[in-house]
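Below is one structure, written out as structure tokens; the observations come after it.
The values are calculated or read from the model by the stated rules, or taken from the named source; none is laboratory data. Note that the structure is predicted; figures quoted are calculated from it, not measured. Neighbour counts are summed over all protein chains in view; Cβ atoms, including those assigned to glycine, are modelled from backbone coordinates with ideal geometry.
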């Protein structure tokens, strides 16, 4: 049986919960932003998955090879991700259970076990990419050997996850701070690079492809953007954060969560766009094909100055540390939801460290490993998106928060497109010439 949550975090967060309940009951007399503040946080944690080191690798490669051409793919991918994250948050609010728990309760036992194994592989692949990203950043910034950087990454993520014992607010604040560091870093990078803003505007809103290679990279961007573990995690972040039963209060709570998702995903989308814009301005304009994180760091310095390389390294470090912590949280949710079994986060951390350290010690190329991990993620997407759309369209399950017909149609279209493009990515990876 899962371990009962420690009552102390709830006590620590009592001020936030009290403010949230006052807003939902209509008793709060505060201004609009003050009323919104208690509800911000879950989407910021989930959004870290959308700016993890895998995004660095795909966005840098896309910008270096095709300039600003695939900016519209980033916009479209993040709009679809925004819809899916909102549905995941709504599932937790309406039912008090997360996506993995619903899968366990409503699917045959064999299907549940298969889904759990696949999601565990997805969680491990995700954590591998994020762990490696942080280790590479420490190596680039401080010259640490990769194995030492890997161990240091493990220690820091242990400390970050330890904040959970003090409630959800401290952890949300730290993760949001990491997101702010990544965003500010890439705003600096983008303006140092002096991009062609007319081309940026055109390619953001006018869809087009140059060749089949650009289509493949577009699928890669989508695969690195829409993350199955983030979909599972978001429903868990909202399921017990603010608990209300009255339909009007649930609708009001979901309204605030939509704003939370909108703000967080807008920041994530902007960061992804800034990554590609920086790469296009720095590398594509000079005809340089940069394919690895190390190349990007080393090449930015002579092109844009040492500060640009340092800012890139800092952003990568913040991305790796925060997304590694979030990945471990998602892995815990997946195991507890599918198996109804709880293990302490520190054991989960140790389990996920091992594959990463093996990759480092045997000398595999970190960036290539990052790309392969994104392919593994593609296998898990259908098993997250399809159940999510099924459950949130179920009136008996969702009650007043059931999807509108138009929402269901949009979600089905997004799911079909995402799954199709990811199968295309898998086909090209294994069988393409």
Identify the residue in the range 274-299 that is part of a loop (DSSP other than H, G, I, E, B) and either under 23 Å from the mean Cα position of the chain (by Cα) or touching a residue at least 12 places away in the same chain (Cβ under 8 Å) (or both) and, among all such residues, is surrounded by the fewest Cβ atoms within 10 Å (Cβ to Cβ). 289
Taking only pairs six or more apart or across chains, which ones have beta-carbon atoms under 9 Å, a first residue in the range 344-356 that is surrounded by 12 or more Cβ atoms within 10 Å (Cβ to Cβ), and a second residue that is modelled with pLDDT under 75 and not in a helix (DSSP H, G or I)? 351/343
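Yes or no, residue by residue, for (1) closer than 27 Å to residue 273 by Cα; (2) touching a helix residue (DSSP H, G or I) at 6+ places or on another chain (Cβ under 7 Å):
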| residue | (1), (2) |
| --- | --- |
| 61 | yes, yes |
| 77 | yes, yes |
| 85 | yes, yes |
| 88 | yes, yes |
| 91 | no, yes |
| 99 | no, yes |
| 106 | no, no |
| 110 | no, no |
Report yes if residue 91 is surrounded by fewer than 23 Cβ atoms within 10 Å (Cβ to Cβ), touching a residue at least 40 places away in the same chain (Cβ under 8 Å), more than 14 Å from the chain's Cα centre (by Cα) and not in a loop (DSSP other than H, G, I, E, B), otherwise no. no
Scan the range 175-183 and tell me whether some residue there is surrounded by fewer than 14 Cβ atoms within 10 Å (Cβ to Cβ) and either out of contact with any strand residue (DSSP E or B) (no Cβ under 7 Å at 6 or more places or on another chain) or modelled with pLDDT of 85 or more (or both). yes
Pairs needed: first member in the range 130-149, in contact (Cβ under 8 Å) with a residue 12 or more places away in the chain and at negative phi; second member anywhere, surrounded by 24 or more Cβ atoms within 10 Å (Cβ to Cβ) and assigned to a loop (DSSP other than H, G, I, E, B); C-beta distance under 9 Å; at least 6 residues apart or different chains. 130/52; 133/52
Answer yes if at least one residue in the range 395-403 is modelled with pLDDT of 80 or more and surrounded by 22 or more Cβ atoms within 10 Å (Cβ to Cβ), and no otherwise. no
Could you tell me how many of the residues in the range 242-269 are under 30 Å from residue 135 (Cβ atoms) and either surrounded by 19 or more Cβ atoms within 10 Å (Cβ to Cβ) or at pLDDT below 90 (or both)? 5
Residue 141: passes all of (1) surrounded by fewer than 22 Cβ atoms within 10 Å (Cβ to Cβ); (2) at pLDDT 85 or above; (3) under 17 Å from residue 49 (Cα atoms) but (3)
Kindly establish whether residue 263 is assigned to a helix (DSSP H, G or I), touching a residue at least 40 places away in the same chain (Cβ under 8 Å) and within 24 Å of residue 164 (Cα to Cα). yes
Inside the range 300-319, the number of residues satisfying the requirement of being farther than 15 Å from residue 191 by Cα, surrounded by 16 or more Cβ atoms within 10 Å (Cβ to Cβ) and either in contact with a strand residue (DSSP E or B) (Cβ under 9 Å, 6 or more places away or on another chain) or modelled with pLDDT under 75 (or both) is 0
All but one of (1) surrounded by 17 or more Cβ atoms within 10 Å (Cβ to Cβ); (2) at pLDDT 80 or above; (3) closer than 25 Å to residue 379 by Cβ hold for residue 186; state the number of the condition that does not hold. (3)
Meets criteria (free of Cβ contacts under 8 Å to residues at least 12 places away in the same chain and under 17 Å from residue 340 (Cβ atoms)) for residue 109: yes
Being under 25 Å from residue 204 (Cβ atoms), in contact (Cβ under 8 Å) with a residue 12 or more places away in the chain and more than 22 Å from the chain's Cα centre (by Cα) is the requirement here; does residue 271 meet it? no
Go through the range 194-220 and count every residue that is surrounded by 24 or more Cβ atoms within 10 Å (Cβ to Cβ) and closer than 17 Å to residue 82 by Cβ. 0
